[in-house]
Amino acid sequence: MLEPPEFSQFHHRMAQAQGLDLYGKYSEQEAAKVLDLSVVSLRRLRSSGEIDCVRVSPRKICFFGFQLIQCLLNA
């Protein structure tokens with residue numbers, strides 16, 4: 001069984017400050033807005049492996065809140 005990652009209080013507070021749910025799913029458009037990027041720039045980050053994502057279908061991508069927080073922390 002897959003165990004969810006554990007996060008510190010810092011991660012929870014950062015998510016709260018950004019208005020994110022760590023385990024909530026966000027579309028490409030929503031994720032780009034949170035990260036203050038264009039969708040094209042977000043796709044470049046995804047292609048280069050700088051941010052993880054979840055492939056919902058062959059054409060649909062989503063991001064969990066914790067993936068967005070990790071990207072913000074690595075910026």
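Here are a few things to note about the model shown:
- Listed by position, the helices (runs of 4 or more DSSP H) inside the chain whose residues that are of a type in the set (Lys, Arg) and within 14 Å of the chain's Cα centre (by Cα) number at least 1 are 28-35, 39-47.
- Selection of segment 6-48 for residues being under 16 Å from LEU73 (Cβ atoms) and surrounded by fewer than 12 Cβ atoms within 10 Å (Cβ to Cβ) yields GLU6, SER8, GLN9, PHE10, ARG13, GLN16, ALA17, ASP36.
- If you go through segment 57-75 and keep only what is of a type in the set (A, V, I, L, M, F, W, C), open to solvent by less than 50 Å² (accessible area, probe 1.4 Å) and either over 13 Å from HIS11 (Cα atoms) or touching an Asp or Glu at 6+ places or on another chain (Cβ under 6 Å) (or both), you end up with ILE61, CYS62, PHE63.
The values are calculated or read from the model by the stated rules, or taken from the named source; none is laboratory data. All values derive from a computational prediction rather than experimental measurement. Note that each Cβ is placed from the backbone with ideal geometry, even for glycine, and that neighbours are counted across all protein chains shown. Note: areas computed on protein heavy atoms with side chains; ligands, DNA, RNA excluded. Shrake-Rupley method; radii C 1.70, N 1.55, O 1.52, S 1.80 Å.
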